[in-house]
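A short worksheet on the structure shown next.
The values are calculated or read from the model by the stated rules, or taken from the named source; none is laboratory data. In this text, all values refer to a predicted model and were calculated from it rather than measured experimentally. Glycine also receives a Cβ, built like all others from the backbone with ideal geometry; neighbour counts cover every protein chain displayed. The area values use the complete protein model at the heavy-atom level, side chains included, leaving out ligands, DNA and RNA. Shrake-Rupley method; radii C 1.70, N 1.55, O 1.52, S 1.80 Å.
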Amino acid sequence: MDKQSTLCKNRVQAWLGKSPSEFTRDDIVRFVTANDIRMINFMYPAADGRLKTLNFVVNNLAYLENILTLGERVDGSSLFPFIEAGSSDLYVVPRYRTAFVDPFATDIPTLTMLCSFFDKDGHHLESAPEYTLDKACTEFTRATGLTFEAMGELEYYVIAPDPAVFPATDQRGYHESAPFAKFNDFRALCMTYIAETGGQIKYGHSEVGNFTLDGMIYEQNEIEFLPVDARDAADQLVLAKWVIRNLAWRHGLDATFAPKITAGKAGSGLHVHMRLMNPDGTSAMTARPGSVSGARLRGIAGLMDLAPALTAFGNTNPTSYFRLVPHQEAPTSVCWGDRNRSVLVRVPLGWTGDANTMCSLANPTDDSTPLDPAEAARKQTFEIRSADGSADVYMYIAALAVALRHGFEMPDALEVAEQTYVDVDIHRSESGDIARRLASLPVDCNASADCLEARADIFTAAGVFSEKAIAGTCARLRAYDSDEARRAMSDPGLMLELVRRHFHCG
């Protein structure tokens, strides 16, 4: 029995008693037959970032083994704009490690798995989101010898009629408790369901945003995950969004990951923490306790150099750029810093002292076995704060992997890291000279497409991003009306119209 499986909320992993990375077809068949699973669901991401579903009734053992091995045909032209109807057939084949019992299928026991796309020749679809991420992670490891781990901070608003009792303080909802926070129980239920799908959750809490508008209460929440292999991080983020939307619908609530709801209120981001790991499982983030490693500085330099282009995958509709304005806890300048929430890339507070000191001070009578100090070092990450809920999660994390690798390949990486470091609030007026020497993030979708096109060769290097994927991304960004988006910045009515249009993005 895998020790990690004993407390696992994923029923498949708990029953099999092994790590999901070790699941086999025979394991899935054994679980299905022993647990009266009557239906199999395949799920896969399309160009709109949302998961699509294909249902199978478990007719007999031969049919079950057939679909688990061969997958099924789907119409690629209905999923991706770069696939033409004349040659649109694709295969979707399940990835066994993603198997979970559908928590919503209470009447018909259902096992769900995420899938990969394959072309007519049985090869990975080069432009598929999940394969692009796989290529990016593989190439990062090949070039650096390190493993790229990631974790997302998924922010979202829950909307319901305003009860007009115990109102939260406007824009002061951070970590609020009930009854001033109205949806803590809903968030806890979401976290439970996400864990059942295999999501590795760190914690959840209410966030800053909290306001009323037209008789409705808008409460911002966040669910943050633990660092895992970047491929798994993307899987759990798309599943988490699927869970939150399904639960909101079933409870008569609305939920949105939209970057912006209204002017002057906190928007919702998708901060991504990154961790670089050595082959032996130790962290490559620190050279010694409290110091910054060369690996981390090189990775940050790559993010700095490609930051404007990264918005093409992380900020994908006009409302994204309503959030990227000063004084809204969102970055505008390309810079990084320690414990600084005004910068694009933040190195958060770490555990740099004795790993057990704080615990012993808080619990002076505790004589438990001390935690291995290496565990504290493993907690160190750095986060990029520009993306939002409109992000194409697989493509965005793939782009981050490309940027990190680029940093290792830049001859001037350490110099770039030094030049882009700031230790002040970049939005304060006295920081104007610093802000003026820094590059800025794009101001709209069209500018974002320009930035990606200008650096496309870095993303397509080693075949990570296909040329079709880059062209398709730029075309989608340029399809939006930039003049309309600019007018909306000073027209609250038009801004609200655009928010409504993109309310359920990503």
* **Where Rh is the Kirkwood radius over Cα pairs, Rg/Rh for the chain** => 0.96
* **Order by protection proxy (mean Cβ within 10 Å, highest first), peptides 99-111, 160-172, 305-317** => 305-317, 99-111, 160-172
* Stokes-Einstein translational diffusion, the stretch 377-506 - Kirkwood Rh over all Cα pairs, 1.002 mPa s, 20 °C, in µm²/s -> 122
* Asked: To one decimal place, what Kirkwood hydrodynamic radius in Å is obtained for the stretch 326-403 from all pairs of distinct Cα atoms?
  -> 15.4
* Asked: Could the peptides 330-338, 42-50 be put in order, highest first, of the mean number of other beta-carbon atoms found within 10 Å of their residues?
  -> 330-338, 42-50
* Nitroxide proxy distance, nm - points 7 Å out along Cα→Cβ at ASN356 and ASP162 -> 5.3
* Sites ASN363 and SER21, calculated FRET efficiency, Cβ-Cβ separation with R0 30 Å, nearest 0.05 -> 0.30
* Structure fact -> Low-density loop trypsin sites (Lys or Arg not before Pro), the stretch 59-131, at most 13 other Cβ within 10 Å, DSSP non-H/G/I/E/B, are LYS120
* To do: Specify which residue in the list CYS190, PRO259, SER283 is farthest towards the positive end of the charge dipole of the stretch 184-306, using unit charges on the beta carbon of Lys, Arg (+1) and Asp, Glu (-1), about the Cα centre.
  => SER283
* To do: With θ set to phi - 60°, apply the Karplus curve 6.51 cos²θ - 1.76 cosθ + 1.60 along the stretch 395-412 and write out the HN-Hα couplings as whole Hz, x wherever there is a Gly or Pro.
  => 5, 5, 5, 4, 5, 5, 4, 4, 5, 4, 4, 4, x, 6, 8, 6, x, 9
* To do: Go through the stretch 183-195 residue by residue and turn each phi into a ³J(HN,Hα) via Karplus (6.51, -1.76, 1.60, θ = phi - 60°); whole Hz please, and just put x for glycine and proline.
  => 10, 4, 5, 5, 5, 4, 5, 4, 4, 4, 5, 4, 4
* Asked: Can you pull the percent of the chain's accessible area that's carbon plus sulfur, 1.4 Å probe, other chains left in place?
  -> 51
* Structure fact -> In deg cm²/dmol, rounded to the nearest 500, the helical mean residue ellipticity at 222 nm of the chain, built from -39500 (n - 2.57) for every DSSP H run of length 4 or more, is -11000 deg cm²/dmol
* Please sort by residue number the GluC sites (Glu not before Pro) in the stretch 192-238 whose DSSP state is loop and whose Cβ has at most 14 other Cβ atoms within 10 Å. => none
* To do: Taking the dipole about the Cα centre of the chain, with the C-beta of Lys and Arg at +1 and of Asp and Glu at -1, give me whichever of HIS327, ALA309, GLY294 is farthest to the positive side.
  => HIS327
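Would you mind working out the magnitude of the charge dipole of the stretch 292-398 relative to its Cα centre, with +1 at each Lys and Arg C-beta and -1 at each Asp and Glu C-beta, to the nearest 20 Debye? The partial results should precede the final answer.
Working: 9 positive and 11 negative charges, 86 e Å.
So the dipole magnitude of the stretch 292-398 works out to roughly 420 debye.
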* Please give, to one decimal in nm, the separation of the simple spin-label points placed at THR262 and LEU494, each 7 Å out from Cα toward the Cβ. => 2.0
* Rounded to the nearest whole Å², what accessible area per residue is found for the chain with the 1.4 Å probe? -> 43
* Structure fact -> Shape descriptors of the stretch 163-273 over alpha-carbon atoms, Rg and Dmax in angstrom, are 14.1, 44
* What dipole magnitude, in Debye to the nearest 20, does the stretch 45-104 give about its Cα centre under +1 on Lys/Arg Cβ and -1 on Asp/Glu Cβ? -> 200
* Asked: Once fully extended, how much extra length lies between MET39 and THR141, figured as 0.36 nm per residue of separation less the alpha-carbon to alpha-carbon distance?
  -> 33.0 nm
* Structure fact -> Per the rule of 0.36 nm per residue minus the C-alpha distance, extending LYS120 to PHE82 adds in nm 12.1 nm
* Of ASN210, LEU64, ALA462, which is farthest on the positive side of the dipole of the chain, counting Cα position, with +1 on Lys and Arg Cβ, -1 on Asp and Glu Cβ, and the Cα centre as origin? -> LEU64
* Over 24 Å between Cα atoms, which of LYS182/LYS241; LYS52/LYS265; LYS135/LYS468; LYS9/LYS182 qualify? -> LYS52/LYS265; LYS9/LYS182
* Would you kindly derive the ³J(HN,Hα) couplings of the stretch 246-261 from the backbone phi angles with the Karplus curve 6.51 cos²θ - 1.76 cosθ + 1.60 (θ = phi - 60°), listing them in order in whole Hz, with x for Gly and Pro? => 5, 5, 4, 4, 6, 9, x, 10, 10, 9, 9, 9, 4, x, 9, 9
* **Dipole in debye (nearest 20) - the chain, about Cα centre, beta carbon charges: Lys, Arg +1; Asp, Glu -1** => 260
* Asked: With each label point set 7 Å from Cα along the Cα-Cβ vector, what nm distance links LEU61 and ALA462?
  -> 4.4
